[in-house]
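The values are calculated or read from the model by the stated rules, or taken from the named source; none is laboratory data. Being a predicted model, the structure only gives us computed values, none of them experimental. Here the Cβ positions follow ideal geometry from the backbone for every residue, glycine too, while neighbour counts run over all protein chains shown.
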């Protein structure tokens, strides 16, 4: 049928042109390696991005070539976010917290043709370089001569005229790729098309999700190498929101200073970041004006309800919990309050209900469908029955890049098996109970390690807690809790069991508590429970 709608390309080029023409005076701010703040306008950004696009073409980058970035959140990284896809290359963000061996594997698997790297990360790259063969290396923020064979980013830009005649890419072409953090084996690559990124950007910006507008000042604390900073930079450029980026300085003092200086309104990061910020604010009562912040988005792992309550009751700061995965671009659900949960002026019981809800992972954002499957098929949405969450939507991957293993996680009709065990309520609110590999089955009954961890972190003496299954001769598995105490505090195993006993059935309570100095973490800041499972695999419970 003819004459319905224009076949308009859904590409990053459309976002870029909008930013370039509509929001020329809007600002982009970032903290450099030396802690100084740098700023320029969207117009400056656009010219530099076009220069970099031309330079990449002159360096021989062709459509489909992967161009890697190894950098923090700053202006040059944002320029790469657009320059590479504008010339039909594929932006490949490298996770700088991975080991050199893992980075070498990823660079080789992706067959990267160039890498753009922060000067401060050259020592890491020197460990990776013997493992790979990347023809072009470009150094950002150079304060001294770059290594032999490498190029200085600013010199590359200075020698290139802005590329003004770039044709639109095909919306189905790959624009970016990220690799999973590899907690269950080698990292897997996920390709994002122009179309999927643009649709994810639209979904992310809606009121039901992050609710980003032109009036906002947005600080993605989540690194730009971690699933494209959850897509927040793309939304800011599309909507004209000011970007204030932390660079490599993710310590609480630097972040709070950036929030105050730039009057940040929206920010997002993993729970460990916000735990540190809360401790910093508690240690400096009344010192900082953070009243401009209207939303703090948290993802990556479950957020303890105690953290949500502490930020709101002490500082008037509202945390919204989100859930997603690398395979999902990444946002899948958002914990915005439904109409039947009272907001604003509340009675104590209504306030308690509100906080309980916000400790859940929320409902699927528009265009994402969900269901959960148990041993006997799809589970009911009753808020009680556990099953593995499956999702589908226009920004969810259909396969891994050049990896036949893992194909069983993608169904023929478009559903992705997440590996997360959830309950779903009648209104589609999900609660993550566990990763499938971390769920504890004791005497034929399921126990959620995530629920126990979040409850333990509500104890005033506990800074962090992780719960893992340990083999048991009678019950098959029993929970063991590894806890980190706050400085200057004490707690006993008996006290912690009594604390949990008011919240969970008796058979859920951990059989043992181990007090440790730190919980091991993945490169994304999540608890690395595989290390704890290995540490305690031969653990013997007291008889």
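What the table below lists for this structure:
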quantity	calculated
Residue satisfying condition, being at pLDDT below 95, surrounded by fewer than 24 Cβ atoms within 10 Å (Cβ to Cβ) and outside any helix (DSSP H, G or I), within set 213, 184	184
When residues of the stretch 422-434 are limited to those that are out of contact with any helix residue (DSSP H, G or I) (no Cβ under 8 Å at 6 or more places or on another chain) and outside any loop (DSSP other than H, G, I, E, B), the one nearest to residue 204 (Cα to Cα)	430
Residue satisfying condition, being assigned to a helix (DSSP H, G or I) and over 27 Å from residue 241 (Cα atoms), within set 98, 78, 4, 103	103
Residues of the stretch 319-329 classified as touching a helix residue (DSSP H, G or I) at 6+ places or on another chain (Cβ under 6 Å) and either farther than 21 Å from residue 416 by Cβ or buried (at least 24 other Cβ atoms within 10 Å of the Cβ) (or both), total	2
Whichever residue in the stretch 227-248 is part of a loop (DSSP other than H, G, I, E, B) and touching a strand residue (DSSP E or B) at 6+ places or on another chain (Cβ under 8 Å) and, among such residues, is surrounded by the most Cβ atoms within 10 Å (Cβ to Cβ)	246
Residue in the stretch 330-355 that is farthest from residue 421 (Cα to Cα), counting only those that are touching a residue at least 24 places away in the same chain (Cβ under 8 Å) and touching a helix residue (DSSP H, G or I) at 6+ places or on another chain (Cβ under 7 Å)	355
Filtered residues of the stretch 142-173 (kept if in a loop (DSSP other than H, G, I, E, B) and within 14 Å of residue 48 (Cβ to Cβ))	159, 160, 161, 162, 163, 164
Any hit, the stretch 249-271, residues being farther than 18 Å from residue 311 by Cβ, surrounded by 23 or more Cβ atoms within 10 Å (Cβ to Cβ) and touching a helix residue (DSSP H, G or I) at 6+ places or on another chain (Cβ under 8 Å)	no
Scan of the stretch 350-380 for residues that are under 25 Å from the mean Cα position of the chain (by Cα) and more than 18 Å from residue 332 (Cβ to Cβ), ordered by number	354, 355, 356
Any hit, the stretch 368-381, residues being touching a residue at least 40 places away in the same chain (Cβ under 8 Å) and within 30 Å of residue 106 (Cα to Cα)	yes
Set 189, 240: member being farther than 26 Å from residue 277 by Cβ and outside the structural domain of residue 42 (by TED's automatic domain parsing)	240
Residue satisfying all of: in the stretch 115-124; touching a strand residue (DSSP E or B) at 6+ places or on another chain (Cβ under 8 Å) and surrounded by fewer than 23 Cβ atoms within 10 Å (Cβ to Cβ); nearest to residue 70 (Cα to Cα) among these	121
The one condition in (1) under 29 Å from residue 464 (Cβ atoms); (2) more than 18 Å from the chain's Cα centre (by Cα) that residue 347 fails to fulfil	(1)
Residue match in the stretch 21-41 (condition: assigned to a helix (DSSP H, G or I), out of contact with any strand residue (DSSP E or B) (no Cβ under 6 Å at 6 or more places or on another chain) and crowded, with 23+ Cβ neighbours inside 10 Å)	no
Count of residues meeting criterion [in contact with a strand residue (DSSP E or B) (Cβ under 8 Å, 6 or more places away or on another chain), buried (at least 17 other Cβ atoms within 10 Å of the Cβ) and modelled with pLDDT of 90 or more] in the stretch 492-511	4
Residues located in the stretch 488-515, provided they are in a loop (DSSP other than H, G, I, E, B) and closer than 19 Å to residue 440 by Cβ	503, 504, 505, 509, 510, 511
Residue that is surrounded by fewer than 19 Cβ atoms within 10 Å (Cβ to Cβ) and at pLDDT 95 or above, where the choices are 89, 60, 75	60
Meets criteria (out of contact with any strand residue (DSSP E or B) (no Cβ under 7 Å at 6 or more places or on another chain), within 28 Å of residue 502 (Cβ to Cβ), at pLDDT below 90 and not assigned by TED's automatic domain parsing to the domain that holds residue 201) for residue 406	no
Of all residues making up the stretch 463-487, the number that are under 32 Å from the mean Cα position of the chain (by Cα) and not in a strand (DSSP E or B)	2
Pick from the stretch 92-104, criterion in contact with a strand residue (DSSP E or B) (Cβ under 6 Å, 6 or more places away or on another chain) and modelled with pLDDT of 95 or more, ranking: nearest to residue 62 (Cα to Cα)	92
Selection from the stretch 132-151 of residues that are surrounded by fewer than 17 Cβ atoms within 10 Å (Cβ to Cβ) and on the phi > 0 side of the Ramachandran plot	149
